[in-house]
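Worksheet: one structure, shown below.
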Amino acid sequence: MSLLGTRWTLHGDGRSVRPGEVVAPQERLGWPITVGVGLQHVVAMFGATFLVPILTHMPPATTLFFSGIGTMLFLVITRGRVPSYLGSSFAFIAPILASQQQFGVAGALGGVVVAGVVLAAVGGVVQAFGAHWINVVMPPVVTGTIVALIGLNLAPAAKQNFDAAPATALITLLAIILVSVLFRGILGRLSILVGVVVGYLVAVWRGEVDFSKIDAAAWVGLPTFQTPQFHLGVLGLFVPVVLVLVAENVGHVKSVAAMTGQDLDDMAGRALMADGAATVLAGLGGGSGTTTYAENIGVMAATKVYSTAAYWVAGVTALLLSFSPKFGELIATVPAGVLGGAATMLYGMIGVLGVKIWVQNRVNFSNPVNLTTAAVALIVGIADYTWKVGELAFAGIALGSAAALVVFHGMTALARWRGTATDDAVEPARRAG
């Protein structure tokens with residue numbers, strides 16, 4: 001069982017965590033406390049994980065099923081050394097919506113499978129050769145730009161839902177903003193979930209929610225599964241998502257290592273392979289692509305409990321909840337106005353996350369290579385430029401991601417050839433420190 005990472009040692013007296021200490025991934029507290037922390041992780045992932053299938057018109061119960069399976073698979077592949085919950089990735093929203101218009105849900109699922117295969121392959125390379133080459137291929141200016149354009153590319157979709165019920169959407173958005181600024185700790189971190197609940201209650205009061213499908217659904221039953229179809233046209237939409245997933249997973253491993261004081265560099269490749277495998281499974285059965293969840297890092301930071309035992313509890317709980325069709329239909333009743341308010345914040349947060357990558361890595365935009373890379377790629381992605389080659393269509397996310405890579409590496413190569421290259425990728429004043 002040790003190969004599965006399920007042999008935990010009891011931390012201290014099993015009841016408390018002393019100041020300055022943390023419960024390591026291979027440790028656990030008493031089972032009642034561990035179960036409680038695991039349920040907190042379910043609450044933390046709940047709002048964001050369900051927003052993706054609702055926004056992309058896919059079965060929430062199916063996504064929850066593969067989220068639970070994926071989390072447990074991740075824990076096994078990383079041998080219980082990297083605590084993480086695999087929830088729905090926001091990076092898949094735009095390519096899923098775009099591919100559904102041309103290839104339907106089955107075609108979108110094919111794209112999810114392809115993204116998972118590519119991510120797992122990248123993980124294999126990282127496991128064999130190390131993660132240093134990722135920063136060479138995708139320096140912070142490129143990674144930040146791609147993350148930003150994926151979020152901002154979704155702005156029209158947020159506006160469309162907002163316009164469906166402006167009053168409900170505005171109340172939802174205001175609730176999210178107020179909760180995030182008025183509360184600290186776990187409640188503040190769950191601002192989107194709380195805002196959606198508030199908006200949902202307002203929508204019920206305004207008569208915008210249809211409960212008919214809930215009444216017809218059974219209490220217990222299997223989720224709705226669907227098989228994928230594969231089309232070349234989805235490659236340009238989904239492959240750029242892999243770049244985001246790589247950044248998210250590597251960042252997650254580094255964050256856990258920093259918070260626990262453990263060296264987890266040898267786990268980066270396994271984490272990527274695990275998320276890739278979980279995404280493949282989700283795509284094969286009708287779920288959304290997965291990623292490691294920042295919301296759950298917040299729970300760990302607040303509780304100081306990094307035990308993977310709590311994540312086994314969360315994964316099993318998610319799996320059990322997925323077997324209630326009535327629960328799934330309840331989630332699916334969230335109306336457009338609520339989604340519009342939440343999406344306005346959510347998509348903007350994805351965009352700003354790209355900016356955060358620039359700031360944290362001190363990207364110097366006085367350098368024309370960095371400035372041009374971000375400027376060109378952002379406009380291509382946000383305006384949703386499209387390029388058709390026969391039956392293949394490359395839209396804003398694909399073209400913007402390609403532009404970021406081509407412009408950065410092309411300009412860098414030309415600058416070195418001409419002897420005009422400068423070593424100022426980061427702000428000079430800060431670099432010295």
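The values are calculated or read from the model by the stated rules, or taken from the named source; none is laboratory data. Quick caveat: nothing in here was measured; it's all calculated off a predicted structure. Positions of Cβ are generated from backbone atoms using ideal geometry, with glycine treated the same way; all protein chains shown enter the neighbour counts. Protein only, heavy atoms only, side chains kept; ligands, DNA and RNA dropped before computing areas. Shrake-Rupley method; radii C 1.70, N 1.55, O 1.52, S 1.80 Å.
Here are the numbers for the structure shown:
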quantity: Criterion (buried (at least 24 other Cβ atoms within 10 Å of the Cβ) and part of a helix (DSSP H, G or I)) met by exactly one of Met300, Met349, Met345; calculated: Met300
quantity: Val23 vs. criteria in contact with a Leu (Cβ under 7 Å, 6 or more places away or on another chain) and modelled with pLDDT of 90 or more; calculated: no
quantity: Residues of the range 135-183 satisfying the condition of being among the aromatic types (Phe, Trp, Tyr) and modelled with pLDDT of 90 or more; calculated: Phe162
quantity: Test for Ala115: is it of a type in the set (A, V, I, L, M) and either open to solvent by less than 10 Å² (accessible area, probe 1.4 Å) or touching a helix residue (DSSP H, G or I) at 6+ places or on another chain (Cβ under 9 Å) (or both); calculated: yes
quantity: Some residue of the range 247-257 being part of a loop (DSSP other than H, G, I, E, B), in contact (Cβ under 8 Å) with a residue 12 or more places away in the chain, in contact with an Asp or Glu (Cβ under 9 Å, 6 or more places away or on another chain) and not hydrophobic (A, V, I, L, M, F, W, C); calculated: no
quantity: Condition broken by Ala310, with the remaining ones in (1) open to solvent by 10 Å² or more (accessible area, probe 1.4 Å); (2) more than 17 Å from Val253 (Cβ to Cβ) satisfied; calculated: (1)
quantity: Per-region count, the range 352-402, residues part of a helix (DSSP H, G or I) and farther than 14 Å from Pro95 by Cα; calculated: 23
quantity: Cβ-Cβ under 9 Å pairs, at least 6 apart or on other chains, the range 369-382 side under 21 Å from Tyr347 (Cβ atoms), far side open to solvent by 40 Å² or more (accessible area, probe 1.4 Å) and among the small types (Gly, Ala, Ser); calculated: Ala377/Ala402; Val380/Ala402; Ile382/Ala155
quantity: Within the range 66-80, considering residues that are closer than 15 Å to Val313 by Cβ and either without any contact (Cβ under 8 Å) to a residue 12 or more places away in the chain or in contact with a Pro (Cβ under 9 Å, 6 or more places away or on another chain) (or both), the one surrounded by the fewest Cβ atoms within 10 Å (Cβ to Cβ); calculated: Gly80
quantity: Residue under evaluation Phe238, criteria (1) modelled with pLDDT under 85; (2) surrounded by 24 or more Cβ atoms within 10 Å (Cβ to Cβ), criterion not met; calculated: (1)
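Residues are listed down the side, and each one gets a yes or a no for (1) closer than 21 Å to Ala120 by Cα; (2) buried (at least 16 other Cβ atoms within 10 Å of the Cβ):
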| site | (1), (2) |
| --- | --- |
| Phe211 | no, no |
| Trp219 | no, no |
| Val253 | yes, yes |
| Asp263 | no, no |
| Asp266 | yes, no |
| Ala271 | yes, yes |
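Here is a yes/no grid of residues against (1) closer than 30 Å to Val220 by Cβ; (2) open to solvent by 20 Å² or more (accessible area, probe 1.4 Å):
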| position | (1), (2) |
| --- | --- |
| Glu329 | yes, yes |
| Gly340 | no, no |
| Ala413 | no, yes |
| Arg416 | no, yes |
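Conditions tested, residue by residue: (1) open to solvent by 30 Å² or more (accessible area, probe 1.4 Å); (2) within 15 Å of Asn296 (Cβ to Cβ); (3) out of contact with any strand residue (DSSP E or B) (no Cβ under 8 Å at 6 or more places or on another chain).
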residue: Ser16; (1), (2), (3): yes, no, yes
residue: Pro19; (1), (2), (3): yes, no, yes
residue: Arg28; (1), (2), (3): yes, no, no
residue: Gln40; (1), (2), (3): yes, yes, yes
residue: Ala48; (1), (2), (3): no, yes, no
residue: Leu51; (1), (2), (3): no, no, no
